Amino acid sequence: IHELISGTWGVSHTRVPTESRPGHVALIAGFYEDVSAVAKGWKENPVEFDSVFNESRHTWCWGSPDILPMFAKGATGDHVYTYTYPPEREDFASTDASRLDTWVFDEVKDFLNVAKSNETLLNMLHEEQNMFFLHLLGIDTNGHAHRPMSKEYLENIGLVDSGVAEFVSVMDDFYGHDGKTAYIFTSDHGMTNWGSHGAGHPSETLTPLVAWGAGVQTAQREGSHKYDDNYLKEWGLETSMRVDVNQADIAPLMSSLIGVPFPVNSVGVLPLNYLNNSQHFKAESIYANAIQILEQFRVKMIRYCEDLIVQAMEGLSYYHTYDRLFLGSSVVLGFIGWTSYVVLFILKTHASLRKPPTNMHMVSGGCCSPACSMFVSHGLLVALFLMVQSSPWTYYIYCLLPVPVWFSVMREFETLASLVRSVPSLPLSKCFGYFLLVTFGIELLVVSFFYRAMLTLGLVVLALWPMVSGLYTKAKVRSLSWMLSCLFLAVFPLLPVVGREPDVNYVTMDMMQVVLCAYILTSTHSSLQLKQGLPLFNQLVSWLTLVSSFLIPLLSSTRLFHRLLSILMSLVCVYLLLSTGYEALFPPVLSWLMFAWINIEQETMNTQGSSNRTELSSTDFAENIDITKIRQLRLDDIQRSYFFVFFIIIAFFGCGNIASINSFDPASVYCFLTVFNPFIMGGLLMWKVLIPFVIVMCTFESIQVSTQLSSRSLFLVVLVISDLMALHFFFLVKDHGSWLDIGTSISHYVIVMSMTIFLMLLSVMTHILTSKRILIGRKRKMHFR
């Protein structure tokens, strides 16, 4: 309170991503760094930059080894001195993370004591334009490990408060109370109530700023309140003027207080209300600020005046979108043509569509046909048009790619004509019903990318499938299992974001693994709560479980249910060790629904009187499917493909979303390691994300085998569905708004575009998991199909 009265305070507004490195770059260098720094783990400098530390005469820093080196590395000369503790101390399972802050305060006091007997150092410390930087990581670490408002977190705040007070007293005593020292207290980012940061919630983007000492304006009486929040009232500061700033504005403020030039790349605006000086000094300072930004304008073509910035952005936007309609139309034509070709190819090769003998050579024949000549002429005209306009080479790809695609569609004219002729014999009402359902289903999947609760609506609708299709009257137990599993799984999207013979020995081993993993998870978190660290036995069992999850399924029988159960148990063990809350229940409920799906699809095949009727109990993944038994596609196979896509989206959004991957909870990997390692932690969390995909993919593999369907034909249907979704997301891609909105819209489009390729790669893995077997103790060769 004393500092608030003798200085000026406000709220610093940060930007996403609210991580340590970009926050410190904004604070000390005065600009918002490009996201390419994440590729180096937020530690190395993709491009060297100027900072207040570099402009100072000398800077002494104490704190984390993840932050301080990047400012020393980019400095010109050797006037930035860093003192860091070992990286191993940044342990989320530490008995007392506040000792990181205690270390900083103790090191500063020891440093000043040593300086009193070191004449060279003492002279350096008494020079002007010096800086001291104290990086206090304990509160952040305790926030991650124990959550804000916990006992450890609040005690750490009290420790920092008393540490700052003692530091100010020590500094004043060291400099003989000469009144030439200024202090700034702030934070690089905030934190949510659940102990994470990285996104754009106000609790992450709003940080405190307190400045006092030499050159800082003393507290002014607040005349009128212009802020909508309740911070003034909550903090009892209604009578003290609040001065908010952008985070990058703090760098020019520090430069002005110590009397050094602004950092070269700074885009911050000097907050004059924090300065206690003459109007002449303020005028010179803001003029220097303007000149510094003007110099950047001359180098980087950035507009100086705010009005000119708006006009320039409008002009840039106009030229940037000048060819949008033209190029967008070409992309849409390519999408429609490609999707049409895939549909015609499915009808031609995988559907029982009768094609009467016709002679359509002149329409869809070889390269000398009129159709070919027409498309070649069209392509030449487009190329000539682009050449006249001196268009870049990428324009040729966008505009010419639809030409061969639509030519391929025209080559399937016979298939299209046969489809038109067979329309009278088709069940039009059933086809129209499927069309409406697929359209509704695709729109539901698109909306679910923005609102997870839409998946709950989809699961509720799917639960009614046996009732609508009539399966409930023929298989009540299986239908009831399907309905209950759908309803149970529908709860998760509403929650907040997070040999030939059966061999039961390995299944029993998997069940024992689940019990062991449950014990490991409980004992690990209990040990961490008691601040006893991560037990070595628990860590060894966790890593062994992860490795064995890839091997144990390959040791079990390849019979359908035995292999699926083995895969499920192995994956659930790993997922359980990576869970911190309700998401531990997600894989079992999802697996229940997948088993119900397999049974009810088999019941559907039996009800339809399939000639290739098989029993699930006798189905073996390792057996080669008889090519003569592979049937053609039917209308209800569209439903199977859609179910597959829907369950893949459920696997992705069931317990989280795109933003939750960016802002993760480190407690998820505590069973494996507690020392911060972004790459190992990221790999473990990525495998956690993939486990539900593997469960759905193995189920789809089972349905292909049990229904005697070609995986190629079903994947082609999935390709059509994903292309239709991608076309929808193409119209939703943004090039304006916040960084988060633009990145999310692009992520949606890329995810759907790459869905088929991702699923095909995943199918290779699941094919090995389901059909391959390691034989131990038998002299027999493995045959890989």
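The values are calculated or read from the model by the stated rules, or taken from the named source; none is laboratory data. This one's a predicted model, so the numbers in the text were calculated from it and none came from an experiment. Ideal geometry is used to build each Cβ from the backbone, glycine not excepted, and the neighbour counts take in all protein chains shown. These area figures cover heavy atoms from the full protein model, side chains too; ligands, DNA and RNA do not enter into them. Shrake-Rupley method; radii C 1.70, N 1.55, O 1.52, S 1.80 Å.
Using the structure shown, decide if TYR398 is open to solvent by 80 Å² or more (accessible area, probe 1.4 Å), of a type in the set (Phe, Trp, Tyr) and within 26 Å of ILE346 (Cα to Cα).
Yes, satisfied.
In the stretch 557-574, which residues are open to solvent by 10 Å² or more (accessible area, probe 1.4 Å) and either in contact with a strand residue (DSSP E or B) (Cβ under 8 Å, 6 or more places away or on another chain) or within 18 Å of LEU546 (Cα to Cα) (or both)?
Of everything in the stretch 557-574, those that are open to solvent by 10 Å² or more (accessible area, probe 1.4 Å) and either in contact with a strand residue (DSSP E or B) (Cβ under 8 Å, 6 or more places away or on another chain) or within 18 Å of LEU546 (Cα to Cα) (or both) turn out to be ARG559, LEU564, LEU565, LEU568, MET569, VAL572.
Test PHE595 against the stated conditions and say whether it is over 21 Å from PHE488 (Cβ atoms) and open to solvent by 10 Å² or more (accessible area, probe 1.4 Å).
no
Can you tell me which of SER255, SER285 is within 20 Å of LEU27 (Cβ to Cβ), open to solvent by less than 40 Å² (accessible area, probe 1.4 Å) and in contact with an Asp or Glu (Cβ under 7 Å, 6 or more places away or on another chain)?
Selected residue: SER255, the only one of SER255, SER285 that is within 20 Å of LEU27 (Cβ to Cβ), open to solvent by less than 40 Å² (accessible area, probe 1.4 Å) and in contact with an Asp or Glu (Cβ under 7 Å, 6 or more places away or on another chain).
Which ones in the stretch 66-95 are assigned to a loop (DSSP other than H, G, I, E, B), at pLDDT 70 or above and within 26 Å of the chain's Cα centre (by Cα)?
Selection gives ASP66, ILE67, GLU90.
Let me spell it out: the conditions are (1) more than 23 Å from ARG147 (Cβ to Cβ); (2) crowded, with 17+ Cβ neighbours inside 10 Å, and HIS177 meets all of them except one. Which number is the exception?
The number of the failed condition is (2).
Criterion first (over 30 Å from SER94 (Cβ atoms), at pLDDT 80 or above and crowded, with 16+ Cβ neighbours inside 10 Å) does GLN704 satisfy it?
yes
Give the stretch 200-223 a look and list any residue that's open to solvent by 30 Å² or more (accessible area, probe 1.4 Å) and in a loop (DSSP other than H, G, I, E, B), or say none.
Within the stretch 200-223, GLY200, HIS201, GLY215, GLN217, THR218, ALA219, GLN220, GLU222, GLY223 meet the criteria.
Every residue, every condition in (1) assigned by the TED database to the domain that holds ASP723; (2) exposed (fewer than 14 other Cβ atoms within 10 Å of the Cβ); (3) farther than 30 Å from ALA182 by Cβ; (4) more than 34 Å from the chain's Cα centre (by Cα), yes or no:
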{"site": "ILE291", "(1), (2), (3), (4)": "no, yes, no, yes"}
{"site": "GLN296", "(1), (2), (3), (4)": "no, no, no, no"}
{"site": "VAL299", "(1), (2), (3), (4)": "no, yes, yes, yes"}
{"site": "LEU308", "(1), (2), (3), (4)": "no, yes, yes, yes"}
{"site": "MET313", "(1), (2), (3), (4)": "no, yes, yes, no"}
{"site": "LEU316", "(1), (2), (3), (4)": "no, yes, yes, no"}
{"site": "ARG324", "(1), (2), (3), (4)": "no, yes, yes, no"}
{"site": "PHE335", "(1), (2), (3), (4)": "no, no, yes, no"}
{"site": "VAL342", "(1), (2), (3), (4)": "no, no, yes, no"}
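Listed here are the residues, each with its yes/no results for (1) among the basic types (Lys, Arg); (2) assigned to a helix (DSSP H, G or I); (3) outside the structural domain of SER527 (by the TED database); (4) modelled with pLDDT of 80 or more.
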| residue | (1), (2), (3), (4) |
| --- | --- |
| GLN539 | no, yes, no, no |
| TRP543 | no, yes, no, no |
| SER557 | no, no, no, no |
| LEU564 | no, yes, no, yes |
| LEU568 | no, yes, no, yes |
| LEU576 | no, yes, no, no |
| PRO588 | no, yes, no, yes |
| ALA596 | no, yes, no, yes |
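Could you grab me the full set of residues in the stretch 230-248 that are at pLDDT 90 or above and in contact with a strand residue (DSSP E or B) (Cβ under 8 Å, 6 or more places away or on another chain)?
VAL243, ASP244, VAL245, ASN246, GLN247
Looking only at the stretch 708-737, count how many residues are open to solvent by less than 50 Å² (accessible area, probe 1.4 Å), of a type in the set (Ser, Thr, Tyr) and at pLDDT below 80.
2
Residue under question is CYS671, and the condition is that it be modelled with pLDDT under 85 and either open to solvent by less than 20 Å² (accessible area, probe 1.4 Å) or part of a helix (DSSP H, G or I) (or both); does it hold?
Judged against the criteria, CYS671 is a match.
Here are SER617, SER526: which of them is open to solvent by 30 Å² or more (accessible area, probe 1.4 Å), closer than 24 Å to LEU709 by Cα and at pLDDT below 75?
Result: SER617 is the single residue among SER617, SER526 that is open to solvent by 30 Å² or more (accessible area, probe 1.4 Å), closer than 24 Å to LEU709 by Cα and at pLDDT below 75.
Give the residue that is most open to solvent (accessible area, probe 1.4 Å), with candidates limited to residues of the stretch 489-504 that are modelled with pLDDT of 85 or more and part of a loop (DSSP other than H, G, I, E, B).
VAL491
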